[in-house]
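What follows is a set of notes on a single structure, which appears directly below.
The values are calculated or read from the model by the stated rules, or taken from the named source; none is laboratory data. Since the model is a prediction, treat every value here as computed from it, not as a measurement. Using ideal geometry, Cβ is built from the backbone for each residue, glycine included, and neighbour counts are taken over all protein chains shown.
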Amino acid sequence: MYECVPVDYELIIYQNQQTICRNRLLVILFYLKHLSFYNSKIMCARYTLTKKEKDLLKAYEVKMPPFVPNYNLAPTQEGLVITSDEPGIAQRMHFGLVPYWAESVKMDFSTLNARSETAASAKTWSPLLRHHKTCLVLADGFYEWDRKSGKPIPYRFVLNDREIFAFAGLWSEWKNKLTSEVYRSFTIMTTVANATVGAVHDPKFRMPIILDKNEEALWLSKDISVPDLLTLCDPFPDEDMSAYMVSTSVNSTVVNKAPNNVPELILPLNSQ
């Protein structure tokens with residue numbers, strides 16, 4: 001006769017969770033290590049949110065979670081978003097969208113950005129648009145690299161009259177089938193670049209969609225049609241933006257196996 005051995009289900013679940021955490025860490029380290037590749041292929045792959053909580057609350061009157069200022073926010077790291085489902089709170093979500101139908105959080109293709117011109121017909125983005133899974137991605141600047149000389153020269157782009165603004169974004173919730181662990185993530189919508197960004201991001205000539213303050217409520221509205229929603233996806237006015245060169249130190253996302261996240265990264269090159 002076989003002996004009936006009791007199964008410790010709590011131990012099995014714990015071990016599965018530990019494995020998931022290790023795998024996720026490996027994915028994050030891989031992306032951070034090889035991010036220079038993504039910078040050359042994608043717009044926008046790096047941005048900043050450096051302001052203090054009191055400044056965030058002044059710009060967006062919502063409940064804020066604890067958040068550490070990020071001077072070099074990279075893929076898989078957490079940014080702050082405000083969703084159409086819960087517009088009264090800001091939430092931390094991972095940069096780089098993982099669709100609900102994905103097998104794991106490690107994607108075979110980039111989901112950092114969604115092209116607004118084709119989003120309505122794309123498998124990954126169209127369901128999110130139809131179901132109004134829109135979000136505001138809070139930021140105070142973003143980076144792009146000028147590669148015309150053969151070397152990546154980083155620039156930071158900011159708005160002239162708004163210290164904190166929002167990218168148009170989409171978000172998704174992925175659930176692990178074994179552990180029911182939830183992973184929330186977002187993507188940033190893009191459009192054709194204005195002249196300010198295009199001068200650097202040449203020849204791709206793309207930029208993230210920055211919403212006017214009065215467009216933010218419309219982007220979160222559940223009463224607007226998809227075609228009308230996408231009319232908001234236009235280039236931000238040149239005269240309202242500025243760009244300045246920063247140190248090539250920002251090119252790296254990891255320094256000594258730790259995230260490269262220091263205030264000096266956003267300083268103009270001539271001031272360092």
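Quick notes on this structure:
To keep it simple, each residue is scored yes or no on (1) over 26 Å from Gly198 (Cβ atoms); (2) not charged (D, E, K, R).
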site: Glu103; (1), (2): yes, no
site: Lys106; (1), (2): yes, no
site: Phe109; (1), (2): no, yes
site: Ser126; (1), (2): yes, yes
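- Filter result (within 19 Å of Ser126 (Cβ to Cβ), surrounded by fewer than 16 Cβ atoms within 10 Å (Cβ to Cβ) and in contact (Cβ under 8 Å) with a residue 60 or more places away in the chain) within the stretch 209-243: Ser221, Lys222, Val226, Pro227
- Restricting the stretch 174-190 to residues that are farther than 14 Å from Leu80 by Cα and touching a Lys or Arg at 6+ places or on another chain (Cβ under 9 Å), the residue that is surrounded by the fewest Cβ atoms within 10 Å (Cβ to Cβ): Val182
- Residue within the stretch 119-127 that is in contact with a strand residue (DSSP E or B) (Cβ under 8 Å, 6 or more places away or on another chain), part of a strand (DSSP E or B) and in contact (Cβ under 8 Å) with a residue 60 or more places away in the chain present: no
- Applying the criterion of being in a loop (DSSP other than H, G, I, E, B) and basic (Lys, Arg) to the residues of the stretch 49-98, the residue that is surrounded by the fewest Cβ atoms within 10 Å (Cβ to Cβ) is Lys52.
- Residue in the stretch 154-162 that is outside any loop (DSSP other than H, G, I, E, B), touching a Pro at 6+ places or on another chain (Cβ under 8 Å) and among the charged types (D, E, K, R) present: no
- From the options Gly150, Gly198, residue that is under 24 Å from Glu239 (Cβ atoms), without any contact (Cβ under 8 Å) to a residue 12 or more places away in the chain and surrounded by fewer than 21 Cβ atoms within 10 Å (Cβ to Cβ): Gly198
- Contact annotation: residue pairs with Cβ atoms under 7 Å, 6 or more positions apart or on different chains, pairing a residue in the stretch 244-270 that is assigned to a helix (DSSP H, G or I) with a partner that is of a type in the set (Phe, Trp, Tyr) and modelled with pLDDT of 95 or more, are Val250/Tyr143; Pro263/Tyr71; Leu265/Tyr71; Ile266/Tyr71.
- Residue list for the stretch 153-173, restricted to those being closer than 19 Å to His94 by Cβ and either surrounded by fewer than 20 Cβ atoms within 10 Å (Cβ to Cβ) or touching a Lys or Arg at 6+ places or on another chain (Cβ under 8 Å) (or both): Leu170, Trp171, Ser172, Glu173
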